[in-house]
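Asks: Can you keep this structure in mind? I'll have questions shortly.
Just so you know, all these numbers are worked out from the coordinates, no wet-lab data involved. Computed from a prediction, not measured in an experiment: that's the story for all the values here. When we count neighbours, we look across all protein chains shown, and the Cβ atoms used for this are built from the backbone with ideal geometry, even at glycine.
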Amino acid sequence: MCANPVSITKAPSNKAMTNAERDLRVDLAACYRLVAHFDMDDLFATHISARVPGKDEHFLINPYGVLFSQITASSLVKVDLDANILQDTEYDINPAGFVIHSAIHAARPDVACIIHTHTIAGMAVASQQDGLLPICQKALKFMNRTAYHDFEGKAQDLDERQRLVRDLGDKNHLILRNHGLLVCGPTISWAFKRIYGLEKSCKTQLAAQASGAALVMLSDDLVEFTAKQFDRDDAPGTSGRPDGWDSLLALMDSIDPSYRD
């Protein structure tokens with residue numbers, strides 16, 4: 001039972017939208033469309049948020065009741081850490097989404113984007129005692145860098161926030177036991193690529209387990225060596241290579257550019 005359930009209110013702001021916020025809205029809407037395109041959505045459930053640039057502790061999240069494949073830049077809802085919706089909108093937001101995302105945005109100023117999913121593979125691995133296993137290269141980037149948070153019922157209790165951020169700590173990947181997956185990171189692009197990789201790792205684990213063959217478990221030293229390779233290669237702005245986000249935007253533009261509206 002919820003001891004301290006969240007209450008969403010509407011308190012529209014009269015501040016004009018900045019160019020930075022407009023650009024962020026376009027990227028976040030594209031991220032929603034990409035999650036749907038790669039079959040990681042769950043009708044109206046789950047959520048992706050992005051911190052609005054500036055001094056204020058505001059973030060954007062999806063309007064509840066709109067499919068990820070229908071999200072547009074203008075339909076995203078701006079909210080503060082006190083659960084006030086800060087714009088004129090016909091929509092509400094998912095209370096569980098607010099609890100999870102407000103907790104992390106408040107505790108982790110280094111986090112610009114949070115992605116939470118309920119995929120079949122993600123929920124299945126989240127329901128396994130040992131969680132994610134080091135049995136394929138892609139999974140190794142998450143080894144020793146993923147936290148776990150025990151299930152407490154639907155995340156609608158504000159008191160759960162302190163336990164969620166305690167369990168997450170300084171990590172950027174969280175498996176919500178019996179629930180799903182969560183990734184947070186410094187950019188929308190970084191977070192999307194991480195949730196994509198975590199999802200594929202979970203799918204690979206389930207396929208390997210379903211085969212019935214004995215699994216090859218890599219040594220702790222090799223796991224950490226490879227994870228550090230990924231840390232180095234995936235560090236934002238340090239690889240000297242494009243991060244691929246423009247290519248993903250081009251994919252969305254070729255399918256349906258209405259996300260920019």
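Asks: Which FRET efficiency value, to the nearest 0.05, is calculated for THR9 and THR187 with the Förster distance at 45 angstrom and r the Cβ-Cβ distance?
Replies: Working from the Cβ atoms, E equals 0.90.
Asks: Continuing with this model, one more query. Restricting attention to the alpha-carbon atoms of the stretch 1-56, what are Rg (one decimal) and Dmax (integer), both in Å?
Replies: My reading of the Cα-based Rg and Dmax gives 15.1, 42 Å.
Asks: So, one more: Hey, what's the Cα Rg ratio for the chain versus the globular rule of thumb, 2.2 N^0.38 Å?
Replies: 1.00
Asks: While we're here: Which trypsin sites (Lys or Arg not before Pro) in the stretch 3-45 sit in a loop by DSSP (not H, G, I, E or B) and have at most 15 other Cβ atoms within 10 Å of their own Cβ?
Replies: Taking the stretch 3-45 and a limit of 15 other Cβ atoms within 10 Å, the loop trypsin sites (Lys or Arg not before Pro) found are LYS15.
Asks: How about LYS55: which aspartates and glutamates have a C-alpha closer than 15 Å to its C-alpha, ignoring those fewer than 8 places off in the same chain?
Replies: Candidates past the 8-residue exclusion: GLU21, ASP80, ASP110.
Asks: Moving to a separate point now. Once label points are set 7 Å from the Cα along Cα→Cβ at both LYS154 and LEU251, what is their separation, rounded to one decimal in nm?
Replies: Here the answer is 3.2 nm between the modelled labels.
Asks: Tell me which residues come under 5 Å, amide H to amide H, from GLY65 once H is placed; ignore anything under 5 positions away on its chain.
Replies: For GLY65, whose amide H was placed from the backbone, there are no distant partners under 5 Å.
Asks: A further question on this structure: Can you compute the modelled spin-label distance between GLN128 and LYS55, with each label point 7 Å from Cα toward Cβ, in nm?
Replies: The modelled label-to-label distance comes out at 4.9 nm.
Asks: Go ahead and run the numbers for FRET between ASP110 and THR18, Cβ-Cβ distance against an R0 of 22 Å, rounding to 0.05.
Replies: 0.55
Asks: For labels at SER211 and GLN229 in the simple 7 Å Cα→Cβ model, what's the distance in nm?
Replies: Once both label points are built, they end up 2.0 nm from each other.
Asks: On to the next question. Could you check which residue among ARG166, ARG51, ARG177 shows the biggest mean-square fluctuation in a GNM of the chain with a 10 Å Cα cutoff?
Replies: Answer for the Gaussian network model of the chain: ARG166.
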